[in-house]
Structure formats: C-alpha cells, structure tokens
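**Q** Have a look at the structure that comes next, please.
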Amino acid sequence: MRKTVGFLVNPVAGMGGAVGLAGTDGKVSEALLRGAVPRARDRAVQALSLLRDDDITWYTCAAPMGEDALAGAGIDRFTVVYRPSGPTGAADTKAACRAFLDAGLDFIVFCGGDGTARDVSDAVGRSVPVLGIPAGVKMYSAVFAVNPAAAADLIRRAGGVACRDSEVMDVDEEAYRSGRLSARLYGYLCVPYIPERTQGGKQVFEQQDEERAKDDIAVFINEVMLPETLYIIGAGSTTARIMERLGLTPTLLGVDVVRDGRVVARNTDERTLLALLDRYPRAKIVVSPIGAQGFVLGRGNQQISPAVLRKTGLSNLVVVATPGKLAATPLLYVDSGDPALDRDIGDSLLVVSGYRVAQRKRVLHPE
C-alpha cells in the first residue's frame, strides 16, 4: 500500500559536534568559523537512498530543507509544499510540519537533533506518527532511529508496526556547553517502534554503588595508562572520574586529551585531535556509552570522528561503564557517520566495568 510521507531536514543540525560546540542552537556562525561542515543532508541521504525504489509518495520542503536530500538519494518524484524565505530556523520547521498536516500525510520524517524534535512536537503533537533520522549532537530524545539504515527500515514498515509515545527532551545547550546537563521532558511524539531500531531516552545513574564503581574503573584505567601515549577522554561522568583520579579537572560534557598525567587539550574539536595525532601517533580513546541508549560513538562525541578513529586504530578504543549502566543497556550501538567503519568495530565490545573487571557487550549494526 502506497504511503504518503512528509520529509524535512534541519540543514544546520549537528554542525557543532565535530568542532566541540556541544550543539548548534544559536551557534551556527561560530560553528562555521571553526570549520564546521553541514552533515544533516548526508545523514538523510544515507537513509533515503535505501528507499528510492519503495512505493512512497514524498512531500517535502524546498532546497536544503528536504529537496536536496531527496534528489541526492536518487528520488525524483516528490512535491514541494513549503519554501523557506531565507536562512532556515525553528519557525520554518513548524511551518513545514503544518503544511504536511494540511496535506493529510500519513507520516512525518525529519532529519535533525533534539531541537528539531521540539519544533516538530510543537507543530504536530501526537496527531500523526513521526520519526527522526539522527543528525544532531546529543539526541537524548527517544524519537530517533538508531542510525540512518534503521530509519529507512522504520519508514518502510511504518503503518505496519505499532507506535509508542516517545519522549522529546529539552536540553539546555548553554548549560551543556558549560559542562552541566540540564534536561526536562518537553513532550511526546508518536513514533513507530521496533526494538533495536528505535533508540531509547537517556537515563542518568547516580546511586551510591554507581559512584563506587566509577572510582574502581578510574583506579584501574589509571594503573594501565601507558607513558608517552595520548588518551582522548570522551564525555560523561565515568570518564570524568578517570581524569579526577589523575588530579585533573575534566570537561564533563566535552572531549579532553591527556598525556603523561597532564592535560594536552581541553574541550577539544576534531581538527585539534587530528593535529595532536599527527604529533603523537601513540594514542587511545576512552569513551562511555550514553546511559540506556547504548551509543558508544555518534552521540555527544562527534569530535571523535571516523578520521580520528582511523588514526588511533579501532584496537585502541577503550569503553568503560558501570555495572548499573550496563544492566540498563541491553545493546551497544555505534553511529560514527561511516557505516563501514562502524561494522569494522565488530559484533561486540569489551567494556571495563570495575577494577580489573570487564563485560563483553553485544554491538548491534542495524542494516
């Protein structure tokens, strides 16, 4: 049965990630000055190219808000129902969604991050099913597919699978940039749900046993740190404890670099990481998955890009997480933006979960 789908792109979503801005809301000009490049269109094309032969009637927005991505995916049959008058913003996302609703469409798909999800929620509510193709920096909302390939599968099967009310989260980006996570429930969207295809919302673990486990992990990682080796330390409270154990002040929600017990770079970006790796080729990356969502790469740490991962080598990727977080995280995911590199990580990762304790955790690669 032919379905009608409204599709839009937030062209600037995710631009702040690789350049260390922890988000793009209100920071597009600064992201561009730092050398950021748009990534939302490419993420959309990855998903849409898998749907070019499907029986879907597409409705979209002009130029960078959707038309370009559909054309780039080889889809040439679509109707433009909304045209932005200038640089796009939240008002355009809301207006486009209202145009989709006026057209009586079955389903709305957007490509962006948490901010885009909030704008879609304002315009749509729970009136029609919605799905996000992940292209933002953090994406703590539970309205996104786990990666573009999973988004294509969900779009293809929409109408034949059950929907659930999924959380849209409002994350304070100014607080986030200063190292403080401030998030609240903003609303709900009706999202087609298939386990292992649709991501969950972020959970925060702060129980006493969790704090003890973070200490145990930090002691162990500090013991096995090698001399004359760069340690790229990803975001999160577990990785932050590793730096604190060294007597260093971490950037809780950024990426820091340590060598021989000293900070080499703080709250760094992709360009700086690549330059450091040219100077110091011996390096390891230490990251922790987002609680309950399970993303090791591609959520909140886009500075650790495919280029950075190739320079360090996947064998030098160290994953840490407390037992409580792992118990609430049935699967791990990687969504670096390079599907081939993600597959090279393999079907499982060893996760350090205590002092000389590790668990092997399955990595799912939705195709």
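**Q** In segment 73-90, what residues are closer than 17 Å to residue 123 by Cβ and modelled with pLDDT of 95 or more?
**A** 81, 82, 83
**Q** Report yes if residue 73 is over 20 Å from residue 103 (Cα atoms), surrounded by 16 or more Cβ atoms within 10 Å (Cβ to Cβ) and without any contact (Cβ under 8 Å) to a residue 40 or more places away in the chain, otherwise no.
**A** Yes: the conditions hold for residue 73.
**Q** Tally the residues that are free of Cβ contacts under 8 Å to residues at least 60 places away in the same chain and either buried (at least 24 other Cβ atoms within 10 Å of the Cβ) or on the phi > 0 side of the Ramachandran plot (or both), restricting the search to segment 299-318.
**A** 1
**Q** Right, here's the next one. Do we have any residue at all in segment 247-258 that's open to solvent by less than 20 Å² (accessible area, probe 1.4 Å), of a type outside the set (Ser, Thr, Tyr) and either farther than 17 Å from residue 303 by Cβ or free of Cβ contacts under 8 Å to residues at least 12 places away in the same chain (or both)?
**A** Scanning segment 247-258 turns up no residue that is open to solvent by less than 20 Å² (accessible area, probe 1.4 Å), of a type outside the set (Ser, Thr, Tyr) and either farther than 17 Å from residue 303 by Cβ or free of Cβ contacts under 8 Å to residues at least 12 places away in the same chain (or both).
For (1) closer than 17 Å to residue 165 by Cα; (2) in contact with a Gly (Cβ under 9 Å, 6 or more places away or on another chain); (3) polar (S, T, N, Q); (4) without any contact (Cβ under 8 Å) to a residue 60 or more places away in the chain, each residue gets a yes or a no:
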{"residue": "114", "(1), (2), (3), (4)": "yes, yes, no, yes"}
{"residue": "123", "(1), (2), (3), (4)": "yes, no, no, yes"}
{"residue": "126", "(1), (2), (3), (4)": "yes, yes, no, no"}
{"residue": "130", "(1), (2), (3), (4)": "yes, no, no, no"}
{"residue": "139", "(1), (2), (3), (4)": "yes, yes, no, no"}
{"residue": "144", "(1), (2), (3), (4)": "yes, yes, no, yes"}
{"residue": "147", "(1), (2), (3), (4)": "no, yes, yes, no"}
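**Q** Follow-up. Pull up segment 76-93, narrow it to residues that are within 21 Å of residue 141 (Cβ to Cβ) and outside any loop (DSSP other than H, G, I, E, B), then point me to the one that is most open to solvent (accessible area, probe 1.4 Å).
**A** 91
**Q** Considering each of 96, 103, 162 in turn, give the residue that is open to solvent by 20 Å² or more (accessible area, probe 1.4 Å), closer than 25 Å to residue 54 by Cβ and modelled with pLDDT of 95 or more.
**A** Going through 96, 103, 162 in turn, the sole match is 103.
**Q** Could you identify the single residue in 242, 285 that is at pLDDT 95 or above and either at positive phi or not in a helix (DSSP H, G or I) (or both)?
**A** 285
**Q** Then there's this: Among (1) within 24 Å of residue 49 (Cα to Cα); (2) of a type in the set (A, V, I, L, M, F, W, C); (3) in contact (Cβ under 8 Å) with a residue 24 or more places away in the chain, where does residue 340 come up short?
**A** (3) is the only condition that residue 340 fails.
**Q** Which of (1) touching a residue at least 40 places away in the same chain (Cβ under 8 Å); (2) surrounded by fewer than 19 Cβ atoms within 10 Å (Cβ to Cβ); (3) in a strand (DSSP E or B); (4) not hydrophobic (A, V, I, L, M, F, W, C) does residue 333 not meet, given it meets every other one?
**A** Tallying (1) touching a residue at least 40 places away in the same chain (Cβ under 8 Å); (2) surrounded by fewer than 19 Cβ atoms within 10 Å (Cβ to Cβ); (3) in a strand (DSSP E or B); (4) not hydrophobic (A, V, I, L, M, F, W, C), residue 333 fails exactly one: (2).
**Q** Quick one: in segment 209-231, of everything that is open to solvent by 60 Å² or more (accessible area, probe 1.4 Å) and in contact with a helix residue (DSSP H, G or I) (Cβ under 8 Å, 6 or more places away or on another chain), which residue is farthest from residue 282 (Cα to Cα)?
**A** Residue satisfying both the conditions and the ranking: 209.
**Q** Being part of a helix (DSSP H, G or I), modelled with pLDDT under 95 and either closer than 19 Å to residue 298 by Cβ or not charged (D, E, K, R) (or both) is true for just one of 32, 70. Which residue is that?
**A** 32
**Q** Check whether at least one residue in segment 133-151 is within 19 Å of residue 200 (Cα to Cα), of a type outside the set (Gly, Ala, Ser), part of a helix (DSSP H, G or I) and open to solvent by less than 50 Å² (accessible area, probe 1.4 Å), and report yes or no.
**A** Taking every residue of segment 133-151 in turn, at least one turns out to be within 19 Å of residue 200 (Cα to Cα), of a type outside the set (Gly, Ala, Ser), part of a helix (DSSP H, G or I) and open to solvent by less than 50 Å² (accessible area, probe 1.4 Å).
**Q** Additional query: Can residue 349 be described as of a type in the set (A, V, I, L, M), open to solvent by 10 Å² or more (accessible area, probe 1.4 Å) and without any contact (Cβ under 8 Å) to a residue 40 or more places away in the chain?
**A** So residue 349 does not fit the description; no.
The values are calculated or read from the model by the stated rules, or taken from the named source; none is laboratory data. These figures come from a predicted structure and were not determined experimentally. Because the Cβ atoms are built from the backbone with ideal geometry, glycine has one as well, and the counts that use them run over all protein chains shown. Areas reflect the complete protein model, heavy atoms only, side chains present, ligands, DNA and RNA absent. Shrake-Rupley method; radii C 1.70, N 1.55, O 1.52, S 1.80 Å.
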